[in-house]
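K.L.:
Pasting a structure here, questions to come.
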Amino acid sequence: MEAESAPAGRSLREATQRRLQRFSEFRGKSMAAGEFWDIVAITAADEKQELAYKQQLSEKLKKKELPLGVQYHVFVDPAGAKIGNGGSTLCALRCLEKLYGDEWNSFTILLIHSGGYSQRLPSASALGKIFTALPLSIPEYSTNKPCIIQSILDSTCSVTPGSVVEYSRLGPDVSVGENCIISGAYVKTTAVLPAYSFVCSLSLKMNGHLKYSTMACGVQDNLKKNVKTLSDVKLLQFFGVCFLSCLDIWNLKVTEELFSGNKTCLSLWNARIFPVCSSLSDSVTTSLKMLNAVQSKSTFSLNNYKLLSIEEMLFYKDIEDMITYREQIFLEITLNRKQSD
């Protein structure tokens, strides 16, 4: 079976590479009729996600990273109960009809459903999976080397093969273990990120003030697994450790206040365990301390911190600050390349 699947996998990677190469040729060029889609419509889950998509579209068009002469639209799903891809499609078609009347029937339209919050890819939850960066060498990517996407790493920083670092700054003597995912982080001082760590930082707007929080857990943790009662919290696992034991390490008690949202659906997604800090670097450092405490079975008290769940972090997310942070990294990388050339 492995012998049969290897050629199929290679063929798929080669086909994907050809499509990416073709798309790369279209970037920044005005499309002739029939050469590309006339309209690209993207769906969003809420108004914050809609704003994030529109801002990123604007930046990409300004940088000529997308084909030109195409109408790009973002349509937000109606508030309330989730309507699924089918309902979202109908809403998007209704929006197109309002914009273009009967003329829209003659257009070639690409509709991309991007209204979810990426449970399986939490690092894309804040700004949306549709704009998640891809490594430039997809066919060549393997666990034999790390994948670095739009990030700035100190020369003394080490990233173990199989790990992904995106939109981050890693300072001197930072060591990233194997098979980690690091997104939006700023690690200023010497730090060790354990193997199989997931670390993702978000900017927050809380009571008019800019704050930061970093979700940190294991890449294999099931954020969606839930229990119905507080007595069953022991069935959840954080970084491969019984969640109840983790709470003891962090000096936290099992109460209803420990969880946000639905109190009969308790999970890592809505557990209030991630500290809120005044700076991005402090946020990462603090969350790494709680992660390392679990791994080393040492105590790290979270009692003195304001704590949020991932669910709440996405509610308070400050999209503009996160986009600004990514833009600063992009400009610095661009300037460094020009200077080296």
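K.L.:
Suppose R0 equals 51 Å; then what is the FRET efficiency for Lys297 and Asp102 from their Cβ-Cβ distance, rounded to the nearest 0.05?
P.N.:
My answer for the efficiency is 0.15.
K.L.:
Still on this model: Can you give the local net charge around Glu256? Use residues other than it whose beta-carbon is closer than 14 angstrom to its beta-carbon, Lys and Arg +1, Asp and Glu -1.
P.N.:
Surrounding charge for Glu256 is +2.
K.L.:
I would also like to ask the following. At Ser340 and Ser155, where each label point lies 7 Å from the Cα along Cα→Cβ, what is the point-to-point distance in nanometres?
P.N.:
Label at Ser340, label at Ser155, 1.2 nm between them.
K.L.:
Sticking with this structure for a sec: Given Gly177, Leu244, Pro194, which one lies farthest toward the positive end of the charge dipole of the stretch 147-329, if we put +1 on the Cβ of every Lys and Arg and -1 on the Cβ of every Asp and Glu?
P.N.:
After comparing all options, I get Leu244.
K.L.:
What FRET efficiency comes out for Val192 versus Ser24 if R0 is 41 angstrom and r is the Cβ-Cβ distance? Round to the nearest 0.05.
P.N.:
For Val192 and Ser24, the calculated efficiency is 0.65.
K.L.:
Could I ask something else about it? What is the calculated FRET efficiency for Arg94 to Arg10, with r their C-beta to C-beta distance and R₀ = 45 Å, to the nearest 0.05?
P.N.:
Calculated transfer efficiency: 0.60.
K.L.:
Near Asn303, within a Cβ-to-Cβ distance under 15 Å, what is the net charge of the other residues, with Lys and Arg +1 and Asp and Glu -1?
P.N.:
+2
K.L.:
Cβ neighbours within 10 Å, averaged per peptide: list 10-22, 67-79 in order, most packed at the top.
P.N.:
With the highest mean Cβ count within 10 Å placed first, the list reads 67-79, 10-22.
K.L.:
Quote the charge dipole size of the chain about the Cα centre in Debye, to the nearest 20; the model charges only the Cβ of Lys and Arg (+1) and of Asp and Glu (-1).
P.N.:
240 debye
K.L.:
Between the helical axis of 280-296 and the dominant principal axis of the chain, each derived from Cα atoms, what acute angle in degrees is found, rounded to the nearest 10?
P.N.:
Orientation of helix 280-296: about 50 degrees from the principal axis.
K.L.:
Follow-up. Taking the Cβ of Val159 as the centre, find all other residues whose Cβ is under 12 Å away and add up their charges (Lys, Arg: +1; Asp, Glu: -1).
P.N.:
Once all neighbours under 12 Å are counted, the net charge is -2.
K.L.:
Can you match Rg/Rh (Cα atoms, Kirkwood Rh) to one of these, [x] 1.01; [y] 1.04; [z] 0.99, based on a calculation from the structure here?
P.N.:
After the calculation, the listed value that fits is [z].
K.L.:
Mind pulling the per residue volume of the convex hull built on the Cα atoms of the stretch 147-329? Å³ is fine.
P.N.:
It is 107 Å³ per residue.
Laboratory data are not the source of any read-out in this text; all were calculated from the coordinates shown. These numbers were taken from a predicted model, which means no experiment stands behind them. Neighbour counts run over all protein chains shown; Cβ positions are idealised from the backbone, glycine included.
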